[in-house]
Amino acid sequence: MDIILYLLQIIQYLYQQNIWLIKFICKYIPLKQWAYDDSHSPKYQKFKIDKLPLVLNVEPWNYHDFMAYLEWRYPDDKPIKPINRRAECDIDDECKCPRCSAPKIYLYKNNGSKGQLQCKVCQTLFSPEEKHHSSLKLRCPYCAHALVPKKDRKHFIVHKCVNPKCSYYLNNLKKVDKEDLKDYGKNKYKLHYIYREFVIDFFKFDITTLPKNASSLKFSKFDQNVMGLCLSYRVNLGLSLRKTAHALYEIHGIKISHQQVANYCKTAALCVKPFVDRYPYEKGTTYTADETYIKVRGIKGFIWFIMDAASRVIIGYQISDNRGVGPCIMAMRMAFQHLKELPEKFRFIADAYSAYPLAAQQFFRKYGEKFKFDITQVVGLTNDDAVSKEFRPFKQMIERLNRTYKASYRPTNGFDNYDGANYDLSLWVAYYNFLRPHKHNRFRPLVEDDIISKGDNMPAKWQLMIFLGQQTILQMQNNS
């Protein structure tokens, strides 16, 4: 019996040692390296997105009720009386405290002639020049200090925690070498907590609106077969407008101008775009995204692509004149439009650009836990870390898609406006998803629609796709 008791004590002791070792490993030794070696360096801190702030809702009250509460709660203290002024006061008679609505007799200047006032009742500091006083207060999630608006950008306001004793700031400051602080100072690194408050709600924009400037499909000189030939040469083969017109004349004996080819392509894009955008694609659990640039009147623009990694189908795309987070959110909305919640083990793979984590944060802020996901970032061009090595093939899929689009975009020599870029991209996405043979799908289209597959040749398939686009537009008009 003594031996059994001794062995049980040894087992309990070893069990406690195992628990201690597991805690030590989990705390100090990462089991999986989900970031590259320098991820904890302050040099890369600016690429990270901080978590959401604490929101304090300060509801206004009446100063009479507050004064009555103070008299009941602290009966020994002196009651609050109006300010006994020694000189004339130039405060406006209609000025009131934005928090408790105390009148002028309870207000006094806090910093002299600089314009800041303080309420004697609730001790609120405010400026009478500010027309709106928000009841929502943003606070740092690490120290609960009030955030200060620092920069006003095009689509958002940058709020910053300026508390010098904030734990987030102190931890980041410890990572910086003292030699770098002597040479560059603290302004080179992102040390404080930062939150971007968007002034535009990108979730209220309609991504399924009908296209503008819709043209008629009444043919006066040519027929729908000629229109299908124009689309086949222009989109499928990637010829320019003039080469398409030249090919129609040399091969088919159809004399048509390049402007007429452009009109046919624009009309087809207006019909096809609603069908392509609203199509119920079968979506998997892994998405990959990237952005590439185009030229519009010689100025750089951007195209955002989101692809389903399993089917290789383009499920989200967007054209923008900037590389901000707004177009990224619009492309993600198109990719998530038929989902009520994200599937289990969902993964979103992109590069290290900070717009993707910021867009993911806005989805969580808007829809809650159903659309909470992290961005798996593949950094650089070489596999310097475990994450890049594991998910590099997914990043190469979207990079290959960019090169495929650039091959058809190159003959255009850029676009004249963003409407033309949208029309061209809509036709190309329709061709890529529904008409282009892919090696991934045994040299068949990625999306094999029953109606489109009935076409005997490519011009007939374009005509059937235009017909499906017209049916989608009629359905949208009836629903509206």
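The values are calculated or read from the model by the stated rules, or taken from the named source; none is laboratory data. Just so you know, these numbers come straight off a predicted model, no measurement behind them. Cβ coordinates were reconstructed from backbone atoms using ideal geometry, including for glycine residues, and neighbour counts include every protein chain displayed. Only protein heavy atoms, including side chains, enter the accessible area calculation; ligands, DNA and RNA are left aside. Shrake-Rupley method; radii C 1.70, N 1.55, O 1.52, S 1.80 Å.
Observations on the structure shown:
- The one condition from (1) closer than 14 Å to PRO274 by Cα; (2) of a type in the set (Phe, Trp, Tyr); (3) touching a strand residue (DSSP E or B) at 6+ places or on another chain (Cβ under 6 Å) that PHE415 does not meet is (1).
- Counting the residues of the range 287-318 that are open to solvent by less than 30 Å² (accessible area, probe 1.4 Å) and in a strand (DSSP E or B) gives 19.
- Counting only helices (runs of 4 or more DSSP H) that sit completely within the range 319-426, those holding 1 or more residues that are touching a residue at least 40 places away in the same chain (Cβ under 8 Å) and touching a Cys at 6+ places or on another chain (Cβ under 8 Å) correspond to 355-367.
- The lone exception for TYR367 - which of (1) within 21 Å of GLN318 (Cα to Cα); (2) open to solvent by 20 Å² or more (accessible area, probe 1.4 Å) it fails: (1)
- Contacts under 7 angstrom Cβ, first residue in the range 50-76 being under 30 Å from LEU191 (Cβ atoms), partner open to solvent by 80 Å² or more (accessible area, probe 1.4 Å) and at pLDDT below 85, 6 or more apart: VAL55/LEU136; ASN57/LEU136
- In the condition set (1) at pLDDT below 80; (2) open to solvent by 60 Å² or more (accessible area, probe 1.4 Å); (3) aliphatic (A, V, I, L, M), ILE251 is compliant with all but (1).
- When the range 323-363 is filtered for residues that are among the aromatic types (Phe, Trp, Tyr) and modelled with pLDDT of 90 or more, the ones remaining, listed by number, are PHE336, PHE346, PHE348, TYR356, PHE363.
- Take the conditions (1) in contact (Cβ under 8 Å) with a residue 24 or more places away in the chain; (2) in a helix (DSSP H, G or I); (3) open to solvent by 20 Å² or more (accessible area, probe 1.4 Å); (4) over 14 Å from VAL272 (Cα atoms); ASN478 misses just one of them, which is (1).
- In summary, ILE451 fulfils each of the numbered conditions (1) of a type in the set (A, V, I, L, M); (2) open to solvent by 30 Å² or more (accessible area, probe 1.4 Å); (3) in contact (Cβ under 8 Å) with a residue 24 or more places away in the chain with the single exception of condition (3).
- Checking SER216 against (1) modelled with pLDDT of 90 or more; (2) open to solvent by 30 Å² or more (accessible area, probe 1.4 Å); (3) in a loop (DSSP other than H, G, I, E, B), the condition it does not meet: (1)
- Residue in the range 376-385 that is touching a strand residue (DSSP E or B) at 6+ places or on another chain (Cβ under 8 Å) and surrounded by fewer than 21 Cβ atoms within 10 Å (Cβ to Cβ) present: yes
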